[in-house]
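The values are calculated or read from the model by the stated rules, or taken from the named source; none is laboratory data. Bear in mind the structure is a predicted one, so any value in this text is a computation, not a measurement. FYI the Cβ positions are ideal-geometry reconstructions off the backbone, even for glycines, and counts take in every protein chain you see.
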Number of protein chains: 2
Amino acid sequence: MDERQALAAFAAMAQEHRLRIVRHLVTAGPDGLAAGVLANAVEVSTSNLSFHLKELDHAGLIQSRREGRSIIYSAVYPALSGLIAFLMRDCCQGRPEVCAPAVAALSACCTPAGETAHA
Amino acid sequence: MDERQALAAFAAMAQEHRLRIVRHLVTAGPDGLAAGVLANAVEVSTSNLSFHLKELDHAGLIQSRREGRSIIYSAVYPALSGLIAFLMRDCCQGRPEVCAPAVAALSACCTPAGETAHA
DNA sequence: CCAATATATCAACGTTTCTTGAAATATAGA
DNA sequence: TCTATATTTCAAGAAACGTTGATATATTGG
């Protein structure tokens, strides 16, 4: 992930409706959600949703596939991982202790309760 | 970190000059950089820099202190950690395997080469 | 106090982004 | 093929954002 891509990703998520769309798709998992379902969930018109979905697609954060009459959208998880890696890349230049809390926060998210890594 | 804060943070970083400012401050470490130094590094006018610094400050991503005639800006690292945690929060609802790559990417950034955590 | 340095504020302008509603495209079933 | 469903495209207007240059504020040294 370079600066251009990171900028596009940040811009894509710097909008209320789009941030909600991404979060809905992230929690929906790899199966994704139909555009119509998203429109209801985020409460925007279908044409407005379409506008935002295109923005997110251009930023590489989501992908789509057709299924019958519906278009199913889903999150591109590696794009999120890449954005996180980009955010923290410079953070470690000689100072791992600065980003250690970030690692801890993220690790906690994927670790069963009560189980924590040793320092 | 709630949606409002995350939105403010994404919006703050969704701008070329501001993203560069944040990265300069992140790499500069807790000591920070004077506004004038940043203006040279990012190549914007001082008044424009001031505008962007205010945006970043409002988003809680940076902080400032006066030192003589200079104002020294520095990154607020917990805000970055919080943003990362927010980004991935929903990612783990029943599917830890989805965000495991993100954890790996971030962990690698803070881990001495050759040393990796066990699964 | 005065001048120089460092930064912030303000108003005006141009640009980008978001929203809306109408019309177009694609698919499926009768 | 006709109609209904699902989604996208387009143009126009409104709103938010970024840049500029002039001016204001704060600090330091003479």
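If I ask for residues that are of a type in the set (A, V, I, L, M, F, W, C) and more than 9 Å from DNA strand C (Cβ to nearest atom), which ones from the range A:44-70 would you list? Once the filter is applied, which keeps residues that are of a type in the set (A, V, I, L, M, F, W, C) and more than 9 Å from DNA strand C (Cβ to nearest atom), the range A:44-70 yields A:L53, A:L56, A:A59, A:L61, A:I62. Under the condition of being more than 13 Å from DNA strand C (Cβ to nearest atom) and within 13 Å of chain A (Cβ to nearest Cβ), the residues counted in the range B:27-43 number 5. Scanning the range B:99-119 for residues being modelled with pLDDT of 65 or more and more than 7 Å from every other protein chain (Cβ to nearest Cβ) gives a total of 2.
Considering only residues in the range B:71-87 that are among the hydrophobic types (A, V, I, L, M, F, W, C), within 7 Å of chain A (Cβ to nearest Cβ) and more than 10 Å from A:M88 (Cβ to Cβ), the one that is nearest to DNA strand C (Cβ to nearest atom) turns out to be B:L87.
Helices (runs of 4 or more DSSP H) fully within the range B:1-98 that include at least 3 residues being at pLDDT 95 or above, surrounded by 15 or more Cβ atoms within 10 Å (Cβ to Cβ) and within 15 Å of DNA strand D (Cβ to nearest atom): B:3-13, B:16-28, B:35-42, B:46-58. Within the range A:5-26, identify whether any single residue is more than 8 Å from every other protein chain (Cβ to nearest Cβ), in contact with a strand residue (DSSP E or B) (Cβ under 8 Å, 6 or more places away or on another chain), away from DNA strand C (no atom under 15 Å from the Cβ) and within 25 Å of B:M13 (Cβ to Cβ), and answer yes or no. The answer is yes; a qualifying residue exists.
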